[in-house]
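A quick write-up on the structure given underneath.
Taken together, the values in this text are just the output of simple stated rules run on the coordinates, not laboratory data. The structure presented is a predicted model; accordingly, all values stated were derived computationally and were not measured. Here Cβ is always computed from backbone atoms with ideal geometry, including for glycine, and neighbour counts include all displayed protein chains.
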Amino acid sequence: MVGYKELGLVNTREMFAKAVDGGYAIPAFNFNNMEQLQAIIMAAVETKSPVILQVSKGARNYANQTLLRYMAEGAVGYAKELGCEHPEIVLHLDHGDSFELCKSCIDMGFSSVMIDGSALPYDENVAVTKKVVEYAHQHDVTVEGELGVLAGVEEEVSAAESHYTKPEEVIDFVTKTGCDSLAISIGTSHGAYKFTPEQCTVDPQTGRLVPPPLAFDVLEAVEKQLPGFPIVLHGSSSVPQEEVDTINQYGGCLKAAVGIPEDQLRKAAKSAVCKINIDSDSRLAMTAAIRKALAEKPAEFDPRKYLTPARDNMKKLYIHKIVNVLGSDNKLINK
Ligand code: G3H
Ligand code: 13P
Ligand code: ZN
């Protein structure tokens, strides 16, 4: 058993309370490799932002859970080396799907876990979330639960289609489970294709697809039921069209990729939404830069030569999210 505090990590309790009060959201960035992690830490240090490093099932399969946890430990030292005396870094399990997995992450030093029982019948979701909370809280690890189903990742679990969180269920769920934060479904979804062209309108000036607005009425109803309780938004990439264009210009083929407009995320960040999950945008930024670098220098075969612009582009993206969308810059408790 390794406690996360020994690794210099923190849980989400204090940072969420501060974010809800201050009307901003903490960035939760997924990482799968060293370049993503370096870019996230450089961005968080430069902007003096707290940050959540997320490890998904796909990341565990790709890079190995143990290796990722040691990388996160290294990230604390790296942030200090970059000049941040008291970094606030959370290591979080994204979409944990069983008690055993959550326990194994807690035992190896994760400071926060998500137990995603959103595709289960309500009572089973309550039962598994409660079990995870009981174990996690013995180790001062915070737990994110979920109610409502997003399209995408969770769809693979079982749900035929996404459905919004039912505000009338949230008090019962939070009371029975004791979870520390709640992910809700208000129209976001995972990946770079969040809406079909049929669900969108077309901007007459740019010809771009404009997605339907998020269900802010559902968010407001949840906030009314749970005043001040930390709310989480998954599937919150904006799918920057410049990155999609670069990918397509240099041999890629991304058609009609659509994300959540940033003004909607800004509005959400000012509410009780205090954690916003972003993965796809980082993938797009990395892929766009690599495609461009390889197309411009076809003789290049040193990975560092095309991963450097990829890392720079991700860092730029993370800084933009922190400063211009989530508002978590300059929010470290001990600056
Ligand atoms: O929640 C979804 C994340 O984007 C992680 O996806 O399992 O492909 O790493 P992944
Ligand atoms: P995106 O696919 O919109 O980046 O969402 C990521 C996410 O929710 C990770 O849990
Ligand atoms: Zn997610």
Inset, instruction - Kindly identify region 188-335 as rounded, prolate or oblate by the Cα gyration tensor criterion: order the square roots of the eigenvalues as a ≥ b ≥ c, call it rounded if a/c is under 1.5, otherwise compare a/b with b/c, prolate if a/b is larger, else oblate. - result: oblate
Inset, instruction - Order these peptides, 144-151, 165-172, by their mean beta-carbon neighbour count within 10 angstrom, highest first. - result: 144-151, 165-172
Inset, instruction - Starting at the first residue of region 20-35, write each ³J(HN,Hα) from the Karplus equation 6.51 cos²θ - 1.76 cosθ + 1.60 with θ = phi - 60°, in whole Hz, x for Gly and Pro. - result: 5, 5, x, x, 9, 10, 7, x, 10, 9, 6, 9, 10, 7, 5, 5
Inset, instruction - Jot down the radius of gyration and Dmax of region 161-237, Cα atoms only, both in angstrom. - result: 15.1, 50
Inset, instruction - Please give the FRET efficiency for residue 17 paired with residue 80, using the beta carbon to beta carbon distance and R0 = 25 Å, rounded to the nearest 0.05. - result: 0.55
Inset, instruction - Figure the gain on full extension for residue 34 and residue 63 (residue separation times 0.36 nm, minus the Cα-Cα span) and round it to one decimal in nm. - result: 9.4 nm
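Sort 20, 2 by Cβ crowding within 10 Å, fewest neighbours at the top.
Working: 20 21, 2 13.
Listing 20, 2 from fewest to most nearby Cβ atoms yields 2, 20.
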Inset, instruction - If a/c stays under 1.5 just call it rounded; otherwise compare a/b with b/c (prolate if a/b is bigger, oblate if not). Do that for the chain, with a ≥ b ≥ c from the square roots of the Cα gyration tensor eigenvalues. - result: oblate
Legend entry - Global form of region 21-89, assessed from the alpha-carbon gyration tensor, a/c cut-off 1.5: oblate
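Mean residue ellipticity at 222 nm from the helices of the chain, using -39,500 (n - 2.57) per DSSP H segment of n ≥ 4 over the full residue count, to the nearest 500 deg cm²/dmol? Walk me through the intermediate numbers first.
Details: 13 runs with 149 residues, N = 335.
About -13500 deg cm²/dmol.
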Legend entry - Within a Gaussian network of the chain (alpha carbon springs, distance under 10 Å), most fluctuating of 98, 238, 185: 98
